[in-house]
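Here the structure is laid out as structure tokens; the discussion comes afterwards.
The values are calculated or read from the model by the stated rules, or taken from the named source; none is laboratory data. This one's a predicted model, so the numbers in the text were calculated from it and none came from an experiment. Note that we place each Cβ from the backbone using ideal geometry, even for glycine, and neighbour counts take in every protein chain shown. Side chains included, ligands, DNA and RNA excluded: accessible areas come from the protein's heavy atoms. Shrake-Rupley method; radii C 1.70, N 1.55, O 1.52, S 1.80 Å.
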Amino acid sequence: MITAVAHPNIALIKYWGKSDEELIIPSTSSISVTLDAYKTQTSIELLDDARTDSGTLNGIAIEGEELSRISGFLQHIRNISGRSEFARIVSVNTVPTAAGLASSASGFAALAVAATQAYGLKLSQRELSQIARRGSGSAARSLFGGMAIWNAGTDDRTSFAEQLQWHGEELEVIVGVINANRKHTSSREAMRNTALTSPYYSSWVTSNSDLVLEALEAIKSGDLDRLGKLTELSTMRMHAVMMAANPPVRYLEPESLQLFDAVLDLRNLGKKIFATADAGPNVKMLCSAEDAEYTLHLLQEEFPNFSFLKSKVGGPPRVL
Ligand code: PMV
């Protein structure tokens with residue numbers, strides 16, 4: 001039995017839409033930071049006599065579409081390894097599932113690490129990220145601690161994530177949980193709808209690709225103010241392009257926007273804090289570690305109904 005632990009990542013410059021749905025090749029590159037808070041721990045055991053894959057997530061049997069997705073992912077690993085045993089997995093995810101808090105990123109990163117090892121594969125980080133990508137695109141970035149870029153590429157070989165070195169001050173992330181319920185539309189479905197029907201989709205692709213280049217410069221020079229503002233820009237552009245789809249996709253709630261406003265107020269007080277949200281209403285705030293405690297305190301006072309959590313930047317997955 002092999003057990004691996006991985007952490008979620010939050011996108012600074014977003015991934016939204018694929019150029020190849022089957023291989024999960026994104027339309028643009030994206031950049032993320034891995035969180036230390038929350039984790040997924042996944043154990044896998046290969047069974048000589050099983051006729052299907054099986055498993056549990058947080059103690060509940062994995063079934064239906066979720067099981068087919070995981071089984072398809074394991075089949076890809078079996079094909080590479082040349083082995084045929086089915087597997088049993090036991091996964092415990094402390095990230096609220098499907099609430100825009102990147103549960104699939106940590107989930108598929110942990111499974112990629114545990115399963116490739118169980119099937120006897122010895123892979124580079126790049127190869128592992130290519131495999132994790134096939135489970136959930138954003139999982140490719142959770143193969144790395146700190147910051148990572150997922151290079152869009154054009155095929156299986158050229159679409160992979162790699163480490164980025166942040167040269168600035170120490171960072172923390174505050175997660176504001178407004179609503180931890182399962183999202184109404186999966187990101188997979190929402191991306192497809194956006195790419196097919198949003199009249200702004202091609203502008204999104206070109207403008208977000210420009211943001212990636214700018215963010216790389218900000219990361220290289222350790223410029224938090226610039227990186228944070230680019231993060232907010234990519235966030236708003238992503239939500240705008242999906243709101244223009246037909247039917248519109250809206251993950252942000254009025255409370256999410258209240259948090260974006262509060263973050264702007266904190267910046268006007270001189271605090272280095274920047275907000276982002278993914279496929280859900282919850283708001284993640286990138287801030288300088290120096291300002292984290294104080295801004296967390298103010299946010300808790302202003303929004304007693306939301307739950308907040310402060311996280312350090314996380315490391316790469318590990319095998320226990
Ligand atoms: O990897 P997925 O299919 O869960 O999509 C993630 C999409 C966003 O979280 C909204 C953006 C991103 O880059 O992570």
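Within the range 37-116, antiparallel bridges make up roughly 70 percent of the DSSP beta bridges whose residues both belong there. Sorting Tyr38, Tyr251 by accessible area puts them as Tyr38, Tyr251; the probe is 1.4 Å, largest comes first, and only protein heavy atoms count. Think of the chain as a dipole: +1 on every Lys or Arg Cβ, -1 on every Asp or Glu Cβ, centred on the Cα centre; then among Leu233, Gln165, Ile80, Ile80 lies furthest on the positive end. Under 5 Å from the amide H of Asp20 lie the amide H atoms of Ile25, each residue being 5 or more positions distant or on a separate chain, with H modelled from the backbone and absent for Pro and chain starts. Cross-link partners for Lys272 among the aspartates and glutamates, with Cα-Cα distance under 17 Å and sequence neighbours closer than 8 places in the same chain left out: Glu169, Glu170, Glu172, Asp223, Asp225, Glu232, Asp261, Glu290, Asp291, Glu293. Tell me, what is the per residue accessible area of the range 1-86 in Å², probe radius 1.4 Å? So the range 1-86 comes to 44 Å² accessible per residue, rounded to a whole number. Heavy atoms of the protein chains alone define the surface here; on that basis the range 159-244 has 48 Å² accessible area per residue at 1.4 Å probe size. The heavy atoms of Phe306 offer some 30 square angstrom of accessible surface to a 1.4 angstrom probe.
First check a/c for the range 178-252, with a ≥ b ≥ c the square roots of the eigenvalues of its C-alpha gyration tensor; if it is under 1.5, answer rounded, and if not, answer prolate when a/b is larger than b/c or oblate otherwise. Here the range 178-252 falls in the oblate category.
Near Arg133: Cβ cut-off under 10 Å, other residues only, Lys/Arg at +1 and Asp/Glu at -1. The net charge is +1. Whenever you get a sec, compute what percent of the accessible area on the range 181-320 sits on carbon and sulfur atoms (1.4 Å probe). Percent of accessible area from carbon and sulfur atoms in the range 181-320: 52.
With contributions of -39500 (n - 2.57) from each DSSP H run of at least four residues, the per-residue ellipticity at 222 nm computed over the chain stands at -13000 deg cm²/dmol. Normalised size of the range 211-320, defined as Cα radius of gyration per 2.2 N^0.38 Å with N residues, equals 1.16.
Hydrophobic long helices, here whole DSSP H runs in the chain with Kyte-Doolittle means of at least 1.6 and Cα atoms spread over 24 Å or more along the helix axis, are not found.
If Arg192, Arg226, Arg141 are ordered by their accessible area, calculated over protein heavy atoms with a 1.4 Å probe, which sequence runs from highest to lowest?
Arg192, Arg226, Arg141
Checking the Cα-Cα distances for Lys18/Lys271; Lys18/Lys183; Lys18/Lys220; Lys18/Lys284; Lys229/Lys310 against a 31 Å cut-off, the pairs over it are Lys18/Lys271.
A Förster radius of 22 Å combined with the Cβ-Cβ distance from Glu170 to Asp210 puts the calculated FRET efficiency at roughly 0.20. Highest mobility in the GNM of the chain, judged by mean-square fluctuation with C-alpha springs under 10 Å and restricted to Thr94, Thr231, Thr34, is found for Thr94.
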